[in-house]
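Visitor: Questions regarding the structure given below will be posed in turn.
Computed from the coordinates by the stated procedures, all read-outs in this text should not be read as laboratory data. Because the structure is predicted, anything quoted here is derived from the model rather than measured. So basically every Cβ, Gly included, is an ideal-geometry build from the backbone, and we count neighbours across all protein chains shown.
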Amino acid sequence: MWNFIQPIEELHNIFNYLNKEIFASYLPLPSITIQSRGKRNALGWCSNVPIWLDNDNKDTRHEINICAENSNMLVVDIVEIMLHEMVHYYADLQGIKTTSRNGTFHNKNYKQYAEKFGLIVTKTEKYGYAETKLNDATLNKVKDLNFKQEVFLLYRINDEGKVSKKKGSIKHTCPDCGNVARSTKEMKLICGNCETEMDNNADEMDDN
């Protein structure tokens, strides 16, 4: 039986693993939530200051959120969102500003840290260095782990009862070694191991 506790627990497992393997356990545990993105155009966010406080004013925490409208994504995509937000978190703890325009535009500082911690970064015209995906080394760290895809079943529809548009990814497969990659738009990818053009079928979209 699915319950809301399961995906939150799994998000904690993902955070703890990435924190240990990539950040040498540097990051204090934040409040990890699943909330609606509202009017934001976002898959997740990290608060740039602590916004959770205990009754004794002693325990303060940042917040990392996975948007509820996309909480049924593939685990590999949820891992990428979590790592994306953990990069912001790390930079905030270092006193480094990574965004502007109310947190939407990702600057060169973000690119530098994201690449340092295992992400491939693409610059977009509107949001700066905001488009990320796991690099090969990071993907190898997580692809064989037993993260529980089955707990990410439900996602939030909007207040009018309409289903939010979900992000889709095109699967690319190397015909020589079988390596798999995904993209959110049609493009030509070359396998880093074999230097062979990867096959894809734009009609076969993974629902993220």
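Visitor: Just report the Cα centroid separation between the range 62-140 and the range 6-44, whole Å.
Guide: 12
Visitor: Projected onto the charge dipole of the chain (+1 at Lys/Arg Cβ, -1 at Asp/Glu Cβ, origin at the Cα centre), which of 14, 103, 44 gives the Cα projection farthest towards the positive end?
Guide: 103
Visitor: Let me ask you something else. Give the value in nm², to one decimal: projected area of the alpha carbon convex hull of the chain, averaged over all directions.
Guide: Working: hull surface 53.9 nm².
Approximately 13.5 nm², given one-decimal rounding.
Visitor: While we're on this one: Helix-only mean residue ellipticity at 222 nm, the chain, DSSP H runs n ≥ 4 weighted -39,500 (n - 2.57), per residue, nearest 500. What is it? List each step's numbers first, then the result.
Guide: Details: 4 runs with 53 residues, N = 208.
Mean residue ellipticity at 222 nm (helix-derived): -8000 deg cm²/dmol.
Visitor: Between residue 36 and residue 9, what length in nm is gained on full extension when 0.36 nm per residue of separation is reduced by their alpha carbon distance? If you can, show how the numbers build up before the last one.
Guide: On the way: separation 27, 0.36 × 27 = 9.72 nm, distance 1.81 nm.
Contour length minus Cα-Cα distance gives 7.9 nm.
Visitor: Something else now. For a label point 7 Å from the Cα of residue 146 along Cα→C-beta, name the residues of the range 61-105 whose backbone N is under 13 Å from it.
Guide: Flagged as within label range: none.
Visitor: Something else: Would you mind calculating the gained length between residue 112 and residue 48 on full extension (0.36 nm times residue separation, minus the Cα-Cα distance), in nm to one decimal? Numbers along the way, then the final one.
Guide: Details: separation 64, 0.36 × 64 = 23.04 nm, distance 1.75 nm.
Gain in length upon complete extension: 21.3 nm.
Visitor: Once amide H atoms are built 1.01 Å from N in the peptide plane, which residues 5 or more positions from residue 37, or in another chain, come under 5 Å H to H?
Guide: Excluding prolines and chain starts, which carry no amide H, the hits are 68, 69.
Visitor: Only Cα pairs under 8 Å and at least 6 apart count here; give the relative contact order of the chain as a rounded whole percent.
Guide: This gives 16 percent for the chain.
Visitor: Measure up 123/188; 108/143; 111/188; 20/143 against 21 Å on the Cα-Cα distance and list the ones that go over. The partial results should precede the final answer.
Guide: Numbers: 123/188 18 Å; 108/143 28 Å; 111/188 23 Å; 20/143 16 Å.
With Cα atoms farther than 21 Å apart: 108/143; 111/188.
Visitor: Then there is this: In the Gaussian network model of the chain, springs joining C-alpha atoms below 10 Å, which of 16, 109, 193 carries the largest mean-square fluctuation?
Guide: 193
Visitor: Where Rh denotes the Kirkwood radius from the mean inverse Cα pair distance, what is Rg over Rh for the range 95-137? Let's see the in-between values first.
Guide: Working: Rg = 10.1 Å, Rh = 10.4 Å.
Across the range 95-137, the Cα-based Rg/Rh ratio is 0.97.
Visitor: In the Gaussian network model of the chain, springs joining C-alpha atoms below 10 Å, which of 39, 148, 126 carries the largest mean-square fluctuation?
Guide: 39
Visitor: Through the Karplus equation 6.51 cos²θ - 1.76 cosθ + 1.60, θ set to phi - 60°, convert the phi angles of the range 88-103 into ³J(HN,Hα) values in whole Hz; use x for Gly and Pro.
Guide: Each residue's phi maps through the Karplus curve to give 4, 4, 4, 4, 4, 5, 8, x, 9, 7, 10, 9, 9, 6, 6, x Hz.
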